[in-house]
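Engineer: Before I ask anything, here is the structure I am working with.
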Amino acid sequence: MPDAVGAIDQGTTSTRFIVFDRRGTILAQAQREHEQIFPRPGWVEHDPREIWRNTHAVMREGLAQAGLEPRDLAAIGLTNQRETALLWDRRTGEPLHHALVWQDTRTDRQVAALARDGGRDRFRGVTGLPLASYFSASKLAWLLDHVDGARALAEDGTALFGTIDSWLVWNLTGGPDGGLHVTDVTNASRTQLMSLATLDWDEAMLGVFRIPRGGLPRIVSSSAVLGETRDPFPGVAVGGILGDQQAALFGQTCFSAGEAKNTYGTGCFALMNTGPEPVASTAGLVTTVAYQLDGGPPAYALEGSIAITGALVQWLRDNLGLIGASSEIEGLARSAEDNGGVYVVPAFSGLYAPHWRDDARGLIIGLTRFAHRGHIARACLEATAYQTREVLEAMERDSGCPIPELRCDGGMTGNDLLMQFQADILDRPTLRPKVSETTALGAAYAAGLATGFWKTLEDLRDNWAVDKRWHPRIEAEERRALFAGWGRAVERSFGWVEENA
Ligand SMILES: Nc1ncnc2c1ncn2[C@@H]1O[C@H](COP(=O)(O)OP(=O)(O)O)[C@@H](O)[C@H]1O
Ligand SMILES: O=P(O)(O)OC[C@H](O)CO
């Protein structure tokens, strides 16, 4: 009898395959990084073929590491970086262009033009999202308008559109030879083309972005048996798809309205389950689908999306060479007693929630002759904590639900200094669960529920346990002064990009 579930976690920087047992314990994991392609300032691309090759490889490696055969897996779940968009040819399986990554800002001007006529929030009522180059619709429009022949191929149904989940499920289930062309409600809710009320593509939105309906995937539940794998090994049920931030919410077992988590990866994404009705945001968050279990009613979420957190640490490593590995930032930051008055605002792709300012750009401010590398490193970590406080305050305003303590996960939660500072600046505890790979765990849970490997949400809750908790330690005045400095720095990052530049 199968006694494990596999999860593919296709993230912004790497692809993992993790095998879990019934207790949610990791039996094996394999991981491969892929290239970040920056053709011009503000442009970010991935090669979809590399992502599929890596997925293929980690699935084989993970299974071998666990000492399992495909028949030992009850199901496979998939979770993925969201919004990243691509087009491919259904006859050959070849992408028509690199995928445009969620952080890519090349469509800022088109988006600003749409906002001029009706404001940034003109589509919030239907889609839950403000107008921003972050979401998939403008990226798809760009591909259709700029790649030779793409629009004609999309109109006659030869070119298929998808976010990364669609691309991978299509390849996993046969590719040109009958591959399933689907996306789940959570990923679809990030395209800016789906109606939150009907959970279907919205004709008016397709019209606004001039997207032919024929190339779009079918929208399915997040937990449901969709079909079977054909590649890299045959016969395993594909039982669930969730966008990675929704998967982390699910993996943290935030199944009740008011429960929230924050995931610290390339960016930070705080989500609160708001129950069966979407909650409109007036504080700068987005309204999104949290999950839908096999044709049942959806659960919605409020989300505070922050574009750059761990990516700032990578930038210190790759672009400035201040550290050799991401984990070294902690030692460097500890070489300074405090931030020495230095703030880093990482508005590399503008600022997302709660500001939504495409015209912002990154800055380092507060420099004096006293400042050294340690202050910069500390300011980079602090930026993550300040941004998180901004979105949590917005979340409490929008939902009316206090968040007494914050469930945290993701790669940056291995950083003790950051987790302590986060508790300090929030004035409430932060905590990390035993299984910190909650994104993959959420996808495994969705897939395992669909095939009956887990029976109820209560089974999943029983698996959750705290690993570590950090309590606030600083005085109110210090907290106030630090956060006020952040606010001043953020204001100075606005308006750097001129609208018609
Ligand atoms: N100890 C650490 N301190 C600070 N940042 C870290 C640390 N370890 C990893 N990171 C950052 O976390 C990110 C990786 O986390 P992960 O959850 O794998 O992200 P993603 O799913 O977005 O690829 C990278 O941006 C990396 O720079
Ligand atoms: O791949 P991550 O963890 O950086 O998450 C990316 C988000 O889904 C973007 O919205």
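The values are calculated or read from the model by the stated rules, or taken from the named source; none is laboratory data. Given the structure is predicted, the values throughout are model-derived calculations rather than measurements. Counting neighbours? That spans all protein chains shown, and the Cβs are built from the backbone with ideal geometry, glycine included. Calculation scope for accessible area: heavy atoms of the full protein, side chains included, ligands and nucleic acids excluded. Shrake-Rupley method; radii C 1.70, N 1.55, O 1.52, S 1.80 Å.
Yes/no per residue for (1) exposed (fewer than 14 other Cβ atoms within 10 Å of the Cβ); (2) acidic (Asp, Glu):
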site: 297; (1), (2): yes, no
site: 308; (1), (2): no, no
site: 326; (1), (2): no, no
site: 337; (1), (2): yes, yes
site: 340; (1), (2): no, no
site: 344; (1), (2): no, no
site: 349; (1), (2): no, no
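Engineer: Filter segment 94-105 for residues that are touching a Lys or Arg at 6+ places or on another chain (Cβ under 9 Å) and either at pLDDT below 95 or crowded, with 19+ Cβ neighbours inside 10 Å (or both) and give the result. Walk me through how you get there before you give the answer.
Structural biologist: Restricting attention to segment 94-105, the residues satisfying the condition of being touching a Lys or Arg at 6+ places or on another chain (Cβ under 9 Å) are 94-95, 99-102, 104.
Hits for segment 94-105 are 95, 99, 100, 101, 102, 104.
Engineer: Could I ask something else about it? Surrounded by fewer than 16 Cβ atoms within 10 Å (Cβ to Cβ), modelled with pLDDT under 95 and of a type in the set (A, V, I, L, M): does that describe residue 484? Please lay out each step first, then the result.
Structural biologist: On the way: surrounded by fewer than 16 Cβ atoms within 10 Å (Cβ to Cβ): yes; modelled with pLDDT under 95: no; of a type in the set (A, V, I, L, M): yes.
Against the criterion (surrounded by fewer than 16 Cβ atoms within 10 Å (Cβ to Cβ), modelled with pLDDT under 95 and of a type in the set (A, V, I, L, M)), residue 484 does not qualify.
Engineer: From the residues in segment 150-176 that are at pLDDT 95 or above and part of a loop (DSSP other than H, G, I, E, B), which one is surrounded by the fewest Cβ atoms within 10 Å (Cβ to Cβ)?
Structural biologist: 176
Engineer: Would you mention how many residues in segment 420-440 are crowded, with 24+ Cβ neighbours inside 10 Å and more than 14 Å from ligand 2 (Cβ to nearest atom)? Step through it out loud before you land on a result.
Structural biologist: Filtering segment 420-440 down to residues crowded, with 24+ Cβ neighbours inside 10 Å leaves 421-422, 430, 438-440.
Now drop any that are not more than 14 Å from ligand 2 (Cβ to nearest atom), which leaves 421-422, 430.
Residues flagged as crowded, with 24+ Cβ neighbours inside 10 Å and more than 14 Å from ligand 2 (Cβ to nearest atom) within segment 420-440 amount to 3.
Engineer: Counting only residues that are more than 27 Å from residue 70 (Cβ to Cβ), within 15 Å of ligand 1 (Cβ to nearest atom) and among the small types (Gly, Ala, Ser), how many does segment 238-278 have?
Structural biologist: Qualifying residue count for the region: 3.
Engineer: Let me spell it out: the conditions are (1) within 30 Å of residue 497 (Cα to Cα); (2) part of a helix (DSSP H, G or I); (3) in contact (Cβ under 8 Å) with a residue 60 or more places away in the chain; (4) open to solvent by 20 Å² or more (accessible area, probe 1.4 Å), and residue 111 meets all of them except one. Which number is the exception?
Structural biologist: (4)
Engineer: If we only count helices (runs of 4 or more DSSP H) wholly inside segment 396-498, which ones have 2 or more residues that are touching a residue at least 60 places away in the same chain (Cβ under 8 Å) and β-branched (Val, Ile, Thr)?
Structural biologist: Values: elements: 416-426, 438-450, 457-463, 476-493.
Helices (runs of 4 or more DSSP H) meeting the threshold: 438-450.
Engineer: Which residue out of 287, 282 is in contact (Cβ under 8 Å) with a residue 60 or more places away in the chain, β-branched (Val, Ile, Thr), surrounded by fewer than 23 Cβ atoms within 10 Å (Cβ to Cβ) and more than 22 Å from residue 250 (Cα to Cα)?
Structural biologist: 282
Engineer: Give all pairs with beta carbons closer than 8 Å in which a residue from segment 168-195 that is of a type in the set (D, E, K, R) meets a residue that is open to solvent by 10 Å² or more (accessible area, probe 1.4 Å); count only pairs at least 6 apart in sequence or on separate chains.
Structural biologist: Note: pairs meeting the criteria are 177/230; 184/219; 184/220; 184/221; 184/292.
Engineer: Here is a follow-up. Identify all residues within segment 1-35 that are open to solvent by 30 Å² or more (accessible area, probe 1.4 Å) and without any contact (Cβ under 8 Å) to a residue 24 or more places away in the chain; write none if there are none.
Structural biologist: 1, 21, 33, 35
Engineer: Output the number of residues of segment 289-339 satisfying the condition of being within 26 Å of residue 129 (Cβ to Cβ) and more than 16 Å from ligand 2 (Cβ to nearest atom). Don't jump to the end; show me each part of the working.
Structural biologist: Let us first name the residues in segment 289-339 that are within 26 Å of residue 129 (Cβ to Cβ), namely 289-312.
Subset that is more than 16 Å from ligand 2 (Cβ to nearest atom): 292-300.
Number satisfying all stated conditions: 9.
Engineer: With the requirement that a residue be of a type in the set (Asp, Glu) and either open to solvent by 50 Å² or more (accessible area, probe 1.4 Å) or touching a Ser or Thr at 6+ places or on another chain (Cβ under 9 Å) (or both), what does segment 376-395 give you?
Structural biologist: Our first condition is that a residue be of a type in the set (Asp, Glu); within segment 376-395, this holds for 382, 390, 393.
393 - this is the single residue of segment 376-395 that is of a type in the set (Asp, Glu) and either open to solvent by 50 Å² or more (accessible area, probe 1.4 Å) or touching a Ser or Thr at 6+ places or on another chain (Cβ under 9 Å) (or both).
Engineer: Criterion first (closer than 28 Å to residue 174 by Cα, away from ligand 1 (no atom under 16 Å from the Cβ) and assigned to a strand (DSSP E or B)) does residue 235 satisfy it? First the steps, then the outcome.
Structural biologist: On the way: closer than 28 Å to residue 174 by Cα: yes; away from ligand 1 (no atom under 16 Å from the Cβ): yes; assigned to a strand (DSSP E or B): no.
When the stated conditions are applied, residue 235 does not pass them.
Engineer: If you go through segment 344-358 one residue at a time, do you hit one that is out of contact with any Leu (no Cβ under 7 Å at 6 or more places or on another chain), basic (Lys, Arg) and away from ligand 2 (no atom under 16 Å from the Cβ)?
Structural biologist: Checking segment 344-358: not a single residue is out of contact with any Leu (no Cβ under 7 Å at 6 or more places or on another chain), basic (Lys, Arg) and away from ligand 2 (no atom under 16 Å from the Cβ).
Engineer: While we're here: When segment 8-29 is examined, which residues are found to be in contact with a Leu (Cβ under 7 Å, 6 or more places away or on another chain) and within 16 Å of ligand 1 (Cβ to nearest atom)? Show your work before the answer.
Structural biologist: We begin by selecting, within segment 8-29, every residue in contact with a Leu (Cβ under 7 Å, 6 or more places away or on another chain); these are 8, 10, 19-21, 24.
Correct list: 8, 10.
Engineer: Determine whether residue 378 is without any contact (Cβ under 8 Å) to a residue 40 or more places away in the chain and either within 30 Å of residue 111 (Cβ to Cβ) or among the basic types (Lys, Arg) (or both). Explain how you work it out, then say what you get.
Structural biologist: On the way: without any contact (Cβ under 8 Å) to a residue 40 or more places away in the chain: no; either within 30 Å of residue 111 (Cβ to Cβ) or among the basic types (Lys, Arg) (or both): yes.
When the stated conditions are applied, residue 378 does not pass them.
Engineer: Taking segment 402-419 as the region of interest, how many residues are open to solvent by 10 Å² or more (accessible area, probe 1.4 Å), of a type outside the set (S, T, N, Q) and over 18 Å from residue 259 (Cα atoms)?
Structural biologist: 5
Engineer: Only one of 82, 32 is within 13 Å of ligand 1 (Cβ to nearest atom), at pLDDT 95 or above and either in a strand (DSSP E or B) or hydroxyl-bearing (Ser, Thr, Tyr) (or both); which?
Structural biologist: Numbers: 82 fails: either in a strand (DSSP E or B) or hydroxyl-bearing (Ser, Thr, Tyr) (or both).
Just one listed residue meets the conditions, 32.
Engineer: Within segment 56-71, is there a residue that is over 24 Å from the mean Cα position of the chain (by Cα), farther than 24 Å from residue 30 by Cβ and not in a strand (DSSP E or B)? Before you say what the answer is, go through the steps one by one.
Structural biologist: First, pick out the residues of segment 56-71 that are over 24 Å from the mean Cα position of the chain (by Cα): 60-61, 63-71.
From what is left, the residues that are farther than 24 Å from residue 30 by Cβ are none.
No: zero hits.
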